[in-house]
1. When a/c is below 1.5 the answer is rounded, else prolate if a/b is larger than b/c, else oblate, so apply that to region 160-288 with a ≥ b ≥ c taken from the square roots of the Cα gyration tensor eigenvalues.
2. Using the structure shown, select from K432/K508; K35/K60; K139/K160; K463/K508 the pairs with a Cα to Cα distance greater than 31 angstrom.
3. Show me, for region 418-423, the HN-Hα J-couplings you get by feeding each phi into the Karplus relation (A = 6.51, B = -1.76, C = 1.60, θ = phi - 60°), rounded to Hz, glycine and proline as x.
Amino acid sequence: MMEEALESAETIIKKWDPNSQSYTKIISMFRNSRKEAKEFIRCIRDLRRAMHFLVSQDSKSDKLVLAQNLMQIGMSTLEKEFFQILSSNRDHLDPDSASGQSTISSNSEFEVVMENDDDDDVEDAALKKAGESISQCIKSYKLIRKSIVDEGLHLLGIEKVKTSQFQKMDWGVLEHMIKNWIKAAKIGVTTLFRGEKLLCDHVFSASITIGQSSFNQIAKEAGLNLFMLPELVANKEKKQHHHERILIFKLMDLYAAISDLWPDIEMIFSFDSLASVKTIVLSTLKKLKDSIHTCLREFEVTIHKDSSKELTPQGGVHKLTRTTMSFISSLSEYSRVLSEILAENPLKRNTRLLEYYFTAPILEDEHVNNHAFSVYLASLILVFLCKLDTKAESYKDVSLSYIFLVNNLQFVVVTVRSTRLKSLLGDDWLTKHEAKLRSYAAKYEIAAWTNVFASLPAKTSTKLSPEEAATCFKRFHASFAGAYMKQSSCDIEDAKLRDELKVSIARKLVPEYRKFYEKYLLMLRQDRNIEMLVSFKPDNLENYLSDLFHGTAIISGSSHSASSSCCSIGCVKN
């Protein structure tokens with residue numbers, strides 16, 4: 001049987017030996033015929049068994065010398081074939097090709113040597129040569145696959161960045177880099193590194209040790225290079241600048257992307273030799289969390305410290321309201337990240353005040369506990385609303401201060417209702433603040449229109465004389481004209497709120513004026529100045545009120561001209 005194995009091996013091996021007369025001109029055995037490739041590997045395995053037998057019988061026999069020479073030729077051939085496979089399949093050798101049908105048979109050529117590693121009795125030069133050939137194969141595999149991984153990262157746009165250069169980069173530039181990195185990292189981890197790990201596990205399935213060592217040399221440097229950017233971002237000094245609000249979202253994007261990739265990272269870089277890659281990832285996540293937490297705290301401090309005196313002249317929505325609510329509503333889109341961060345490290349709060357002010361809703365459909373995040377958002381908006389109260393006090397006109405509060409609170413409520421904030425703050429929060437909004441509107445009516453309401457006689461008053469009625473008409477005209485001129489400059493941006501407020505004023509004013517008008521108009525018909533005394537018809541008051549809250553001021557130099565202006569408008573509308 002040993003002689004037959006030697007004869008068969010000699011025929012098959014020399015067929016692929018360039019120095020043999022029977023050498024085939026075919027460049028690659030594995031490409032030409034899978035059947036012949038399997039037969040070649042089988043004969044190498046049989047030759048190895050024959051050599052073991054011959055060593056045990058006669059370590060100096062001629063047959064053993066022949067077997068040694070054949071093994072050297074066979075292993076050199078396999079080494080060449082393996083290199084050709086790796087080189088010619090750079091773009092195609094992936095986990096899908098590393099299946100049971102792969103041209104690389106991990107349980108064949110590698111197994112030949114690996115089973116010999118612990119055999120102290122076999123010391124001949126041929127098996128040493130076989131071991132050297134396999135070592136060369138492994139070296140070739142590492143070099144070629146490492147170059148493929150490095151090239152893959154390069155094509156994804158991942159490049160090494162010097163720390164000194166990075167620290168000088170503007171956050172505007174980094175924003176673009178971070179966006180590209182997130183896309184590249186997902187492909188890099190889930191496709192490039194994961195695929196390389198699966199391929200390496202398959203090729204070196206006969207030896208876990210060699211497989212781990214190979215993957216370490218292929219992927220370690222590239223892995224560290226991949227996660228260099230987020231580490232640099234996490235370590236970069238965060239100065240106060242106009243990009244600071246953009247910054248937190250880029251940090252959260254990074255944090256979310258890396259967190260999502262962590263299960264794959266943990267699986268791919270599971271060996272102790274690759275622990276440094278996992279260490280840098282975990283360290284980066286920790287630093288990103290700290291940076292995000294700091295940004296949240298600093299944003300709140302910024303609201304507290306805002307001391308700008310600029311006011312909207314018509315009581316409209318303040319710029320601070322727009323930017324603050326835009327920022328807060330954007331934060332709400334990162335509930336998973338921020339819920340995790342704030343649950344671990346909540347910001348300090350006046351707990352009693354907050355419990356009285358806000359009850360976090362229970363979100364049954366959520367997979368993440370949002371309680372800490374909901375409390376943070378509610379407290380942040382509370383801080384902002386207190387700042388609005390302070391700004392409202394700067395208005396000299398009380399009615400205008402309430403218009404300001406109405407406009408800005410309405411903007412806050414609408415933003416909450418139309419964004420993710422609604423589910424995080426809950427219906428109870430909306431109900432409370434809508435009630436507060438109605439309260440501001442009512443206080444505006446009192447401040448702006450009380451004199452107009454009071455100019456009409458009380459319901460319980462006795463019948464007026466013509467002189468008293470005339471005086472009452474004059475008083476109503478003057479007070480309405482003054483209020484109309486003053487309030488016409490106010491601006492309520494929300495159309496629904498604007499109409500509701502006008503309707504509310506009209507319901508209180510028009511019916512009472514109509515009763516007075518109809519009761520005393522006939523009494524004054526004989527008065528030659530009737531048109532001056534009765535400038536407004538009841539049906540036209542709503543028309544005058546419809547002009548309000550569009551921010552169009554009626555300019556007049558005196559109270560007399562104000563009355564005249566309003567009177568002339570009344571004549572036109574009549």
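1. prolate
2. K35/K60
3. Values per residue, Gly and Pro as x: 9, 10, 4, 4, 4, 6 Hz.
Since every read-out is calculated from the coordinates, none of them should be taken as a lab result. Model, not experiment: these values are computed from the prediction.
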